[in-house]
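No value in this document is a laboratory result; all are computed from the given coordinates. The shown structure was predicted, so the numbers you read here are calculated from the model rather than taken from an experiment. Using ideal geometry, Cβ is built from the backbone for each residue, glycine included, and neighbour counts are taken over all protein chains shown.
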Amino acid sequence: INKKKNGEIYYEEAIITSIRNGEGIITNFVAVKEDITEKKKTADQLIQSEEEFRAVWESSVDAMRVVDENGIIINVNDAYCELLGITKDNLLGKPFNVSYVITDEDKSLERYKEKFKQRNIPKKFENQIFLHSNDKIWVELTNSFIEIGKEKPLLLTIFRNITEQKKLIEDITEARKKAEASDKLKSEFLAQISHEIRSPLNVIVNYNSLLKIDYDSLTAEERTDIFSGITNSSQRIIRTIDLILNSSEMQLGSYIPIFAKINVYEKIVEKAFHEFRHLAESRNLVLKLEKLTDKVSAKCDEYSLYQSVVNIIDNAIKYTKKGSIKIKLQRNEKKKLQIEIADTGIGMSEEYLSRLFTPFSQEETGYTRKFEGTGLGLSLVKKYCDLNNIVIDVKSKKGEGSTFTLTFENS
């Protein structure tokens, strides 16, 4: 340290060389001095920067890693070890890809070396890594080249665990998809319900007007057809309203079942057969009933079970143009009671079977669909079966028909 004439303090570096005479005795000294004030400031700043970096390195909640041009780990902080579940001793001096699980085909180290040479490593990106603990995490990586003194440049990578953020984004995306699907279902439901109510009402109104104007001129057969049309349309409206109310009860959890041991043949199967026999005959369909077991008792909720069977038979008649509908009451190989309803109708595709019990779903939708219905029936059947601990199984083939089997698990 020295002082200039103006009193300013400065740093100097001196190289002192001795001068000797012919006898080897030192007679003088030569001093060469250099003002190193700026060098000293730079050195002090470097020391300060290193201390600040070390403080950040040790206290950072983000994982930090330094690797060289060959991908060898030079240093890692405690947060890095904690994130990956590996001790520092098992990381230092080893390739960076030992930090996580890799496959035999992994080429990350080779790609890294090439990109390092070209200084072409992405500054920021996201990646999913597989830990040795068998966990998977998402991390955001931030890369920057650093140079310490005259040493070769190194790569500093900061890892930030973004697994929770990723999951949150996925949850929000899934929730949005469900909301969009719900809006679509709501729109389809309103369209179908309006169609299911408006169409039969139009029939009733038109037939009523016809009866008022031309009653005396109509033949007995024409009157019978008109009254039959009014009855069928009225029943269609009632079925639609019943489905809406029953579905609403199940959705809200307000339906209270009454479980009792009943004669399934008399109370359910035979009763449903008689209800639909005339409808089947009017469409030139054969409705058959077979009782293949004398053990016909089961504990269940009579109303919901009857509604389930009625819905399936109603669908079977609706979707069968010719042929038959067979209703069987039987015991399977495990002695469990079964109701089987098989038709020779239009059948269903494999693709549609996977969403058969989804509310409002129909294989054909829109006003141009060939068959009436709200798409609520089978979703309600599934809920009623679950309520009664009944397993419902469906087999169907397009153009050949469908078979619904209800198996009583408690029988």
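Using only Cα atoms, what is the ratio of the radius of gyration of the stretch 86-181 to 2.2 N^0.38 Å? Let's see the in-between values first.
Details: Rg = 17.2 Å, N = 96, 2.2 N^0.38 = 12.5 Å.
This ratio for the stretch 86-181 stands at 1.38.
The fewest-to-most ranking of Ile213, Ile197, Ile390, Ile313 by surrounding Cβ atoms within 10 Å reads Ile213, Ile197, Ile313, Ile390. Cross-link partners for Lys136 among the lysines, with Cα-Cα distance under 19 Å and sequence neighbours closer than 8 places in the same chain left out: Lys166, Lys167. Using a Cα-Cα cut-off of under 19 Å, which aspartates and glutamates could be cross-linked to Lys326, ignoring same-chain neighbours fewer than 8 residues away? Qualifying aspartates and glutamates at Cα under 19 Å: Glu266, Glu270, Glu275, Glu281, Glu290, Asp294, Asp314, Glu340, Asp343, Asp393, Glu400. Here Cα extents along the principal axes in Å was calculated from the structure, and among (1) 154, 57, 39; (2) 69, 57, 42; (3) 88, 68, 33 it sits at label (1). Normalised by the number of residues in the chain, the mean separation of alpha-carbon contacts (under 8 Å, six or more apart) gives a relative contact order of 9 percent. Hey, which lysines would be in cross-link range of Lys4, C-alpha to C-alpha under 21 Å, not counting anything within fewer than 8 residues on its own chain? Partners found: Lys33, Lys39, Lys40, Lys41. Taking the chain as a Gaussian network of alpha-carbon nodes connected by springs under 10 Å, the highest mean-square fluctuation of the residues Lys383, Lys177, Lys33 belongs to Lys33. For the pair Ile256 and Arg20 in one chain, pulling the backbone fully straight at 0.36 nm per residue adds 73.2 nm over the alpha carbon distance. Build a GNM of the chain with springs between Cα atoms under 10 Å: which of Ile327, Ile146, Ile268 gets the top mean-square fluctuation? Among Ile327, Ile146, Ile268, the largest mean-square fluctuation in the Gaussian network model of the chain belongs to Ile146. Ordered by the count of other Cβ atoms within 10 Å of each Cβ, fewest first, Val391, Val139 give Val391, Val139. Measuring against 21 Å, Cα to Cα, the residue pairs Lys267/Lys328; Lys177/Lys383; Lys322/Lys382; Lys334/Lys383; Lys299/Lys336; Lys288/Lys382 contain Lys177/Lys383; Lys322/Lys382; Lys334/Lys383; Lys288/Lys382 as the ones spanning a longer distance. In the stretch 257-411, a dipole from Cβ-located charges (positive for Lys and Arg, negative for Asp and Glu) runs towards its positive end, and of Gln307, Thr293, Cys385 it is Thr293 whose Cα lies farthest in that direction.
Would you mind checking the tilt of helix 220-252 against the longest principal axis of the Cα atoms of the chain, expressed as 0 to 90 degrees and rounded to 10? Here the helix axis deviates by roughly 30 degrees.
Put a plus charge on the Cβ of each Lys and Arg, a minus charge on the Cβ of each Asp and Glu, and nothing anywhere else: the dipole of the stretch 45-161 about its Cα centre is then about 420 debye.
A Förster distance of 30 Å, applied to the separation of the beta-carbon atoms of Asp242 and Ala175, puts the FRET efficiency at 0.40. For the chain, the longest principal axis of the Cα atoms and the long axis of helix 302-318 meet at an angle of about 80 degrees. Neighbours of Asn284, meaning other residues whose beta-carbon lies under 15 angstrom from its beta-carbon, give a summed charge of +4 when Lys and Arg score +1 and Asp and Glu score -1.
Neighbour counts of other C-beta atoms within 10 Å: give me Tyr303, Tyr207, Tyr100, Tyr384 arranged from fewest to most. Please report the intermediate quantities before stating the final value.
Values: Tyr303 13, Tyr207 17, Tyr100 20, Tyr384 26.
Arranged by neighbour count, lowest to highest, Tyr303, Tyr207, Tyr100, Tyr384 become Tyr303, Tyr207, Tyr100, Tyr384.
The radius of gyration of the Cα set in the stretch 287-335, together with its Dmax, comes out at 12.9, 35 angstrom. Summing Cβ point charges (Lys, Arg +1; Asp, Glu -1) relative to the Cα centre of the chain gives a dipole of roughly 820 debye. Each residue of the stretch 107-114 was assigned a 3J(HN,Hα) from its phi angle through the Karplus curve 6.51 cos²θ - 1.76 cosθ + 1.60 (θ = phi - 60°); the sequence is 10, 4, 5, 5, 5, 4, 4, 5 Hz, with glycine and proline shown as x.
Placing a pseudo-label 7 Å from each Cα along the Cα-to-Cβ vector at Phe145 and Asn232 gives an inter-label distance of 8.3 nm.
If each DSSP helix of 4+ residues adds -39,500 (n - 2.57) and the sum is divided by the residues in the chain, what number results at 222 nm, nearest 500 deg cm²/dmol? Write down the numbers at each step before the final one.
Numbers: 9 runs with 170 residues, N = 411.
Calculated at 222 nm, the ellipticity per residue is -14000 deg cm²/dmol.
Rounded to the nearest 20 Debye, what is the dipole magnitude of the stretch 156-236 about its Cα centre when Lys and Arg each give +1 and Asp and Glu each give -1 at the C-beta?
Numbers: 12 positive and 13 negative charges, 132 e Å.
Rounded to the nearest 20 debye, it is 640 debye.
Helix 37-59 and the longest principal axis of the Cα set of the chain meet at an angle near 30°.
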